[in-house]
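The values are calculated or read from the model by the stated rules, or taken from the named source; none is laboratory data. Just so we're clear, the structure is a prediction, and the values are computed from it rather than from any experiment. FYI the Cβ positions are ideal-geometry reconstructions off the backbone, even for glycines, and counts take in every protein chain you see. Ligands, DNA and RNA are excluded from the accessible area calculation, which covers all protein heavy atoms including side chains. Shrake-Rupley method; radii C 1.70, N 1.55, O 1.52, S 1.80 Å.
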Amino acid sequence: MCGIVGWHAPPGSDPAALEAAVRRMTATLVHRGPDDQGHWTDAQSGMALGFRRLSILDLTEAGRQPMLSGGGRYACVFNGEIYNHRDLRAELERGGVRFRGRSDTEAVVEAVAAFGVRAALGRLRGMFALAIWDRVERNLFLARDRLGKKPLYVARSGEAGWLFASELKAFCALEAFGRDLDPAAVAAYLRFGFVPAPLTIFRGAWKLAPGTFCRLRFGQAAWSETYWSLRRVAIQGQRRRRTEPAEQLASELDALLRDAVARRMVADVPVGVFLSGGIDSSAVAALMQAQSARPVKTFSIGFHEKQYDEAPAAEAVARHLGTDHRQRYVSAEEACGVLPDLATVFDEPFADSTQIATLLVSRLARESVTVALSGDGGDEVFAGYRHYAALRTLSRVFAAVPRPLRRPAGTLLTRVPGGWWDAAFRLAEPVLPAWGRNQRHGERVHQVGALLSRGRLQDDLYWGMLSRWPHPEELAPGAGPGRIPCEAARLEPEIPGIAERALFHDQACLLPDDILVMADRAGMAAGLEVRSPLLDHRVVEWAWRLPLAMKLHRGVTKRILRRVLYRYVPAGLVDRPKAGFSVPLDDWLRGPLREWAEDLLRSSRLEEAGLRPAPIRDAWRRHLAGRTAHHPLWVVLMLIAWRRRWC
């Protein structure tokens, strides 16, 4: 696991200036690679590469980067892990390649030399962001893994050429990089709580999309190509649905996950696993312990607020599995102590409050291990979120309304004030299903009414459920309505079910731009590599061929994954309402964080950030009165905190 940077400058650049610039970029990523660093320049061609290393495989000098291929044509910097690198190495050795060390980086660069960039990428199984410089053709190739586990940012800086880096902060080390904010990115952030790809918060940079590679050449436009398409996987999976008995499918998944976990247990440093006691992390921990000769190290954190405390459940699962379990209870003061770090750790605005818990558990794990497996991806791959059931229920209600009545019924729903719906739902809360308990009922009803009046149940409802501020232009005049994230073109012809389309959108957008950003930045900030076996691309491809009923059935989420888990852990230990890996932020904002939040939400600060104070201050008053959840406010708080650090 590493941090990588590069600058494709004008040919014939001053060697000393080129290397000095890349060294400044590399220095910003020391947290991603505290063990070693390396630099390589080809000033005649205008290429410089930088690298920070967190040593995981082949801790010797033979694993150092930047690395040249055996023939010397290709130079490579690589961030990530290739879990099939031994198989790839054997294939290359049969073709006559002689290896100098045992690192997966060497397998990558030699595969490129032997097969070409695209064919080599198709052979890689793992998480990665990499750069390959072809010294003969003077082409720079950048690539990112299929699901977007590892980040890669690209920028074009006028006549200075192309820049790339693992994190945006590396660009900020160069005077040539402008820090102008992108209004479209600000609007999208306010709407979703993250900046969706390909946007970044800075106008001059963008994110390379998962499953793609691009070619950069000085003085020419970027060229990119998709080598793995989630959209194609999803559509083909829907056309080739599995019909075998559930137990047979569970056995297939068991074997697939065992292999995915086993490959991610390989390292030359200590390995552990995050354990919250939920379905996903318990499945990973169980499969890991089943393949280990000694107790695996498991880690969890707990909170004194009982409704957020998952530590007892994690401890019960750990006791059953026989793991070497370590947990730490976190006070509000200790958790709030990480707030000053967040804007630096997440170097664009980022407002998933789970970031606090993820950073804390990463720091705990790093005290004992250098690699930790996680259950990330279980919700998105096996339908664990509440909104899948909500969307499916609403779809059935929508279909039950006769066509002639849809338009007048929809108009009626939208004309009843949202506050009335909020009050009605609060009275009915004791009998509502879990997914119905939130603070934005009036808005939801108005969305359904609008869709009814148009005669179609569209994906707008999903994007509305995902939105923190559904109308960001009301907060930031001129910023726009908030761009819908990547891969969001209409999918109804290929994927008719709205719940299945929500699964796709979560995998294409929420995962790479929110969940995996959180895992990568929090882990790297602690010097910890986080691996996600549930997001092995073979698992994702396999899961798309399942009928929805094998994932979500009569209120039971992740049905097929539960079948696998029950082979290792009694159902009673893990079957409980979904809590999520969250912190008691609502209580903290009304308590120990109130003074901090009040300072950031002052009208003068909001106006300085280009935001209208009125709706934000109104949301803050309603939150203090216990009438709304923290989510919209946390978006604004993280934006203001980020601006104080970077602008």
Tabulated pairs, the stretch 502-513, first free of Cβ contacts under 8 Å to residues at least 60 places away in the same chain and in a helix (DSSP H, G or I), second of a type in the set (Ser, Thr, Tyr) and open to solvent by less than 10 Å² (accessible area, probe 1.4 Å), C-beta under 8 angstrom, 6+ apart or interchain
505/462
Evaluate the following for residue 229: is it at pLDDT 95 or above and open to solvent by 30 Å² or more (accessible area, probe 1.4 Å)?
no
For the stretch 84-106: of the residues being in contact with an Asp or Glu (Cβ under 8 Å, 6 or more places away or on another chain) and assigned to a loop (DSSP other than H, G, I, E, B), which is nearest to residue 117 (Cα to Cα)?
97
Which residues, taken from the stretch 377-396, are touching a residue at least 24 places away in the same chain (Cβ under 8 Å) and among the β-branched types (Val, Ile, Thr)?
381
Could you list, in sequence order, the residues of the stretch 304-320 that are surrounded by fewer than 19 Cβ atoms within 10 Å (Cβ to Cβ), within 14 Å of residue 570 (Cβ to Cβ) and out of contact with any His (no Cβ under 9 Å at 6 or more places or on another chain)?
316, 320
Just to be sure, is residue 363 open to solvent by 50 Å² or more (accessible area, probe 1.4 Å), under 30 Å from residue 293 (Cβ atoms) and in a strand (DSSP E or B)?
no
For the stretch 10-37, pairs from a residue that is closer than 18 Å to residue 67 by Cβ and in contact (Cβ under 8 Å) with a residue 60 or more places away in the chain to a residue that is hydrophobic (A, V, I, L, M, F, W, C) and in a helix (DSSP H, G or I), with Cβ under 9 Å and 6 or more apart or across chains, are 26/170; 26/173; 29/170; 29/524; 32/524; 32/525
For the stretch 92-110, name all the residues that are among the charged types (D, E, K, R), surrounded by fewer than 24 Cβ atoms within 10 Å (Cβ to Cβ) and touching a residue at least 12 places away in the same chain (Cβ under 8 Å).
98, 100, 102
Could you tell me how many of the residues in the stretch 290-302 are over 14 Å from residue 270 (Cα atoms) and in contact with a helix residue (DSSP H, G or I) (Cβ under 7 Å, 6 or more places away or on another chain)?
4
Where residues in the stretch 322-360 are in contact (Cβ under 8 Å) with a residue 60 or more places away in the chain and part of a loop (DSSP other than H, G, I, E, B), which of them is nearest to residue 609 (Cα to Cα)?
349
Consider the stretch 204-218. How many of its residues are in a loop (DSSP other than H, G, I, E, B), in contact with a helix residue (DSSP H, G or I) (Cβ under 9 Å, 6 or more places away or on another chain) and more than 18 Å from residue 513 (Cβ to Cβ)?
1
Please determine whether any residue of the stretch 353-361 is out of contact with any Asp or Glu (no Cβ under 7 Å at 6 or more places or on another chain) and over 23 Å from residue 633 (Cα atoms).
yes
Can you name the condition, by its number, that residue 239 falls short on among (1) open to solvent by less than 20 Å² (accessible area, probe 1.4 Å); (2) free of Cβ contacts under 8 Å to residues at least 40 places away in the same chain?
(1)
Consider the stretch 165-195. How many of its residues are touching a Leu at 6+ places or on another chain (Cβ under 9 Å) and either open to solvent by less than 30 Å² (accessible area, probe 1.4 Å) or assigned to a loop (DSSP other than H, G, I, E, B) (or both)?
19
All but one of (1) at pLDDT 95 or above; (2) part of a helix (DSSP H, G or I); (3) open to solvent by 30 Å² or more (accessible area, probe 1.4 Å) hold for residue 159; which doesn't?
(1)
Would you pick out the residues in the stretch 521-531 that are touching a Gly at 6+ places or on another chain (Cβ under 9 Å) and surrounded by fewer than 24 Cβ atoms within 10 Å (Cβ to Cβ)?
527
Near pairs, Cβ below 7 angstrom, 6+ apart or cross-chain, from the stretch 302-315 (within 18 Å of residue 592 (Cα to Cα)) to any residue that is in a helix (DSSP H, G or I) and open to solvent by 10 Å² or more (accessible area, probe 1.4 Å):
305/587
For the stretch 260-293, which residues satisfy the criterion of being without any contact (Cβ under 8 Å) to a residue 24 or more places away in the chain and either under 19 Å from residue 530 (Cα atoms) or among the hydroxyl-bearing types (Ser, Thr, Tyr) (or both)?
none
Report the residue count in the stretch 113-129 for those that are within 27 Å of the chain's Cα centre (by Cα) and either crowded, with 19+ Cβ neighbours inside 10 Å or assigned to a loop (DSSP other than H, G, I, E, B) (or both).
9
In the stretch 53-60, is there at least one residue being in contact with a Phe, Trp or Tyr (Cβ under 9 Å, 6 or more places away or on another chain) and assigned to a loop (DSSP other than H, G, I, E, B)?
no
Matching residues in the stretch 132-147 - criterion: being more than 13 Å from residue 118 (Cα to Cα) and either hydrophobic (A, V, I, L, M, F, W, C) or touching an Asp or Glu at 6+ places or on another chain (Cβ under 6 Å) (or both):
133, 136, 140, 147
For the stretch 605-627, pairs from a residue that is without any contact (Cβ under 8 Å) to a residue 40 or more places away in the chain to a residue that is in a helix (DSSP H, G or I) and loosely packed, with under 14 Cβ neighbours inside 10 Å, with Cβ under 6 Å and 6 or more apart or across chains, are 613/603
Can you confirm whether the stretch 321-333 contains a residue that is open to solvent by less than 20 Å² (accessible area, probe 1.4 Å) and within 24 Å of residue 146 (Cβ to Cβ)?
no
